Amino acid sequence: QALLVESGGGAVQPGGSLTLSCTISGGISRFNNVGWYRQAPGKQREEVATIFATGLPNIADGVKGRFTISRDSGMNTIYLQMNRLKPEDTAVYYCHAREHDASDYWGQGTQVTVSS
């Protein structure tokens, strides 16, 4: 019902920056909210950032001030700008979308590795 495709992951040094993108089939306007989660090995998947249909963003406390979420003017792509990356940011990052009926959709994930 929805296809989410992430890109932009990679390996960076601490203090570096990385931008992730997610293209959502059919556009993002159909969803109540879209955003990003991450999951490190052995840990639970956690919310990183979300943006609602109104355009209101929400950033998790652990990355607030370093990460920002945005969407393109064509309303088919969301971005996660990650600055001043830390080793604890290492995880697989997943694009996520939730419909107004609470149905969830997930991308395949993209690996982000922060190490010296």
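The values are calculated or read from the model by the stated rules, or taken from the named source; none is laboratory data. Note that this is a predicted model, so its numbers are computed, not measured. Glycine also receives a Cβ, built like all others from the backbone with ideal geometry; neighbour counts cover every protein chain displayed. We work out accessible area using only protein heavy atoms, side chains counted, and drop any ligands, DNA or RNA first. Shrake-Rupley method; radii C 1.70, N 1.55, O 1.52, S 1.80 Å.
A few comments on the model shown:
Here's the yes/no breakdown for (1) modelled with pLDDT of 95 or more; (2) more than 14 Å from L20 (Cα to Cα); (3) in contact with a Gly (Cβ under 8 Å, 6 or more places away or on another chain); (4) of a type outside the set (D, E):
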| position | (1), (2), (3), (4) |
| --- | --- |
| A49 | yes, no, yes, yes |
| A53 | no, yes, no, yes |
| V63 | yes, yes, no, yes |
| I78 | yes, no, yes, yes |
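- Residue that is farthest from I59 (Cα to Cα), among those in region 80-94 that are within 13 Å of the chain's Cα centre (by Cα) and open to solvent by less than 10 Å² (accessible area, probe 1.4 Å): A91
- Taken over region 9-23, residues that are at negative phi, part of a loop (DSSP other than H, G, I, E, B) and surrounded by fewer than 13 Cβ atoms within 10 Å (Cβ to Cβ) amount to 2.
- Condition check for T77: of a type in the set (S, T, Y), crowded, with 18+ Cβ neighbours inside 10 Å and more than 10 Å from the chain's Cα centre (by Cα): yes
- Checking V92 against (1) closer than 16 Å to Q39 by Cβ; (2) touching a strand residue (DSSP E or B) at 6+ places or on another chain (Cβ under 7 Å); (3) part of a loop (DSSP other than H, G, I, E, B), the condition it does not meet: (3)
- Annotation note: Cβ proximity below 6 Å between a residue of region 43-60 that is under 16 Å from N32 (Cα atoms) and among the acidic types (D, E) and a residue that is modelled with pLDDT of 95 or more and open to solvent by less than 60 Å² (accessible area, probe 1.4 Å) (sequence gap 6+ or interchain) occurs for E47/Y37; E47/A60.
- Residue check, S70 open to solvent by 40 Å² or more (accessible area, probe 1.4 Å), at pLDDT below 95 and of a type in the set (S, T, Y): no
- When residues of region 32-46 are limited to those that are more than 14 Å from F67 (Cβ to Cβ) and at pLDDT 95 or above, the one most open to solvent (accessible area, probe 1.4 Å): Q44
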